[in-house]
Structure formats: structure tokens, C-alpha cells
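Working notes for the structure below.
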Amino acid sequence: MNIDSHQHFWKYSAAEYPWMGEELAMCRRDLLPLDLEPLLDAAGLDGSIAVQARQIPEETDFLLDLAAKHPRVLGVVGWIPLCSPEVGRYLEPYAAHPKVVGFRHVIQDEPDDDFILRPDFNAGIRELGRYPLCYDILIFGKHLPQTIRFVDQHPGIRMVLDHVAKPSIHPGAFDQAWAENIRALAKREHVTCKLSGMATEVCGGAWDEETLRPYFETVLEAFGPQRLMFGSDWPVCLMRTSHTRWVDTVRGWIAPLSATEQAAIMGGTAEKVYLTW
């Protein structure tokens with residue numbers, strides 16, 4: 001199965017999506033499964049994993065409703081208040097839903113760089129660990145040292161690193177600190193990594209395959225094909241690239257790999273981690 005492991009849906013309103021600045025003006029409209037399906041068809045992808053874009057409990061229900069109506073939405077990474085002492089009240093019913101595959105919190109937007117180490121947040125993660133669910137990690141590269149300490153506290157939970165941890169990408173200047181921390185994180189075998197969100201992290205706007213290639217090569221070496229998964233980050237990716245261009249870029253990078261390794265990156269890893277555990 002070929003899978004886009006990371007995309008979003010929304011019915012746009014300025015109040016509910018305040019993070020959409022001018023760079024995301026093209027996304028300030030309703031973007032739903034019928035908008036994505038032609039792109040999946042063009043790319044030869046069977047379906048996708050829908051990931052939360054709002055930090056409200058209603059977000060999970062919204063995505064599950066779409067998944068019920070559109071079978072190519074294969075799974076949902078939702079949101080629940082993981083810091084709440086009542087997190088179990090949210091987890092129990094969602095854990096029984098066949099389309100709920102995990103949860104995510106937008107760590108990158110928290111003013112406290114050590115948020116991921118908070119005791120109440122980690123208590124919520126331990127509650128999540130009672131169920132066969134994943135946790136998606138959304139951070140910037142600067143959060144990698146704390147994230148390594150975080151994942152070490154939860155060795156039994158499948159962790160998925162979004163957007164290769166959003167390094168600071170400057171043409172002609174490779175982020176060595178990011179690379180060192182990524183290699184350290186990848187030693188934790190319960191962590192997998194998404195090949196997504198890279199184009200949006202290029203400082204200055206324009207990007208090309210050669211600027212991003214060292215970041216791809218680093219995560220490929222660190223995680224290996226069996227722990228990497230393709231993700232488009234559609235429609236957020238539209239601020240810098242199209243769904244088609246990103247699919248073609250990743251397929252170009254992985255073309256030298258074996259057929260088995262390519263199949264893992266283009267869907268096998270996502271299927272294993274999210275859908276068949």
C-alpha cells in the first residue's frame with residue numbers, strides 16, 4: 001500500500017486557525033478529502049493519514065467524521081488534552097475507534113522549550129501508552145535534546161517524528177547540530193521519521209532538491225528505509241511546493257534504493273506503524 005502519512009483537512013475560519021499567516025494565504029479556505037483525492041490519484045497513493053491542525057477535542061471528531069465518509073482517509077492522528085488529569089476520559093473511547101491511530105500536540109508552538117519534559121504532559125503520554133496508539137512529535141530542531149530525553153521515558157510507545165524535526169535549512173550551510181541530534185534520536189528504535197515538511201523550512205523561500213538532499217541523506221542513514229515514511233504535509237506544503245512536486249522529489253531521492261526499501265518509505269512503514277500494529 002502507498003500512503004501519504006501526513007496531511008491535514010479543515011473548514012477554514014480565522015478564529016480557529018490563527019497560525020495561518022500571510023505565507024499560508026492560499027490555505028485560508030476549506031480543504032477537504034475531495035480536494036486531496038485527485039492528488040493521491042495522480043501520485044499513485046492509496047490513501048492518507050489525517051493529522052490534527054487544531055488543539056481542541058472537537059478536532060479529533062471532525063477528522064473521524066471525514067474518515068467515515070471518505071475511506072481513503074486511512075487513519076487519524078488526533079488531539080486530546082494530554083496535560084489534563086482527565087486524559088484517560090478522552091483516551092478510552094478514542095482508543096476503541098478503528099480509525100484513531102495516535103495523537104499529537106504542537107510542541108513547536110509552546111513558549112517553554114522544555115514543555116515536552118513537563119511531568120503532567122508525560123503523565124498523559126504514559127496514559128496513551130496503555131493503548132496500541134502512536135504519538136506524533138512536532139518540534140523544531142532546537143527541541144531535539146529534550147525530545148531524546150522524552151522518548152527515553154517511553155520506550156514502549158511508538159513515536160513518529162514529524163517533518164524530520166524541522167531543521168533550520170539555509171542554502172549552503174548545513175545544520176550540523178540538527179544532524180548530530182537526529183543521529184542520536186534515531187538510536188531509539190521505537191522512533192520513526194516522516195519525510196515531510198522540509199521545503200517549508202528553507203530560509204528565504206526558494207528551494208531545490210540539492211539544498212534538501214543532505215537532510216534526506218542524514219535521516220536515511222540514521223533511521224534506515226524501514227523507519228522512514230513519506231508525507232506530503234498537504235495543504236501546508238502549498239506555501240512552498242505542490243503535492244506532486246514533493247512526491248516526485250522524494251521518489252527521485254529514493255530511486256537508487258531497492259524496490260523493498262522504496263516500498264517501505266512510500267507506504268510500508270506507515271502501514272506498519274499506524275495501521276497494522
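For first residues located in the range 1-17 and closer than 30 Å to residue 263 by Cα, partners that are charged (D, E, K, R) and buried (at least 24 other Cβ atoms within 10 Å of the Cβ) and lie 6+ apart or on another chain with Cβ distances below 6 Å form the pairs 5/194; 6/194; 6/233.
Of all the listed residues (131, 135), the sole one being surrounded by fewer than 20 Cβ atoms within 10 Å (Cβ to Cβ), touching a helix residue (DSSP H, G or I) at 6+ places or on another chain (Cβ under 9 Å) and either closer than 23 Å to residue 49 by Cβ or in contact (Cβ under 8 Å) with a residue 40 or more places away in the chain (or both) is 131.
For the range 180-193, check the following and say yes or no: at least one residue is of a type in the set (Asp, Glu) and free of Cβ contacts under 8 Å to residues at least 60 places away in the same chain.
Residues of the range 180-193 that are of a type in the set (Asp, Glu), as a first pass: 180, 189.
Then keep just the ones that are free of Cβ contacts under 8 Å to residues at least 60 places away in the same chain; that gives 180, 189.
Yes - at least one qualifying residue is present in the range 180-193.
Quick check on the range 29-46: of everything there that is touching a helix residue (DSSP H, G or I) at 6+ places or on another chain (Cβ under 8 Å) and within 17 Å of residue 251 (Cα to Cα), which residue is surrounded by the fewest Cβ atoms within 10 Å (Cβ to Cβ)? Here the answer is 42.
When 252, 205 are screened for being of a type outside the set (Ser, Thr, Tyr), closer than 30 Å to residue 24 by Cα and either touching a helix residue (DSSP H, G or I) at 6+ places or on another chain (Cβ under 6 Å) or part of a loop (DSSP other than H, G, I, E, B) (or both), only 205 passes.
For the range 221-253: of the residues being touching a Lys or Arg at 6+ places or on another chain (Cβ under 6 Å) and in contact (Cβ under 8 Å) with a residue 60 or more places away in the chain, which is surrounded by the most Cβ atoms within 10 Å (Cβ to Cβ)? Taking the candidates together, the pick is 229. Of everything in the range 254-277 that's buried (at least 18 other Cβ atoms within 10 Å of the Cβ) and among the hydrophobic types (A, V, I, L, M, F, W, C), which residue is farthest from residue 7 (Cα to Cα)? For the range 254-277, the residue satisfying everything is 254. For the range 14-25, state whether one or more residues are outside any helix (DSSP H, G or I), modelled with pLDDT of 95 or more and more than 18 Å from the chain's Cα centre (by Cα). No: zero hits. Looking across the range 130-144 at every residue that is out of contact with any Gly (no Cβ under 6 Å at 6 or more places or on another chain) and part of a loop (DSSP other than H, G, I, E, B), the one that is nearest to residue 273 (Cα to Cα) is identified as 132.
The single condition from (1) crowded, with 18+ Cβ neighbours inside 10 Å; (2) not in a helix (DSSP H, G or I) that residue 215 fails is (2).
Of a type in the set (Asp, Glu) and surrounded by fewer than 20 Cβ atoms within 10 Å (Cβ to Cβ), is that true of residue 4? No.
The values are calculated or read from the model by the stated rules, or taken from the named source; none is laboratory data. This is a predicted model, so every value here is computed, not measured. Neighbour counts run over all protein chains shown; Cβ positions are idealised from the backbone, glycine included.
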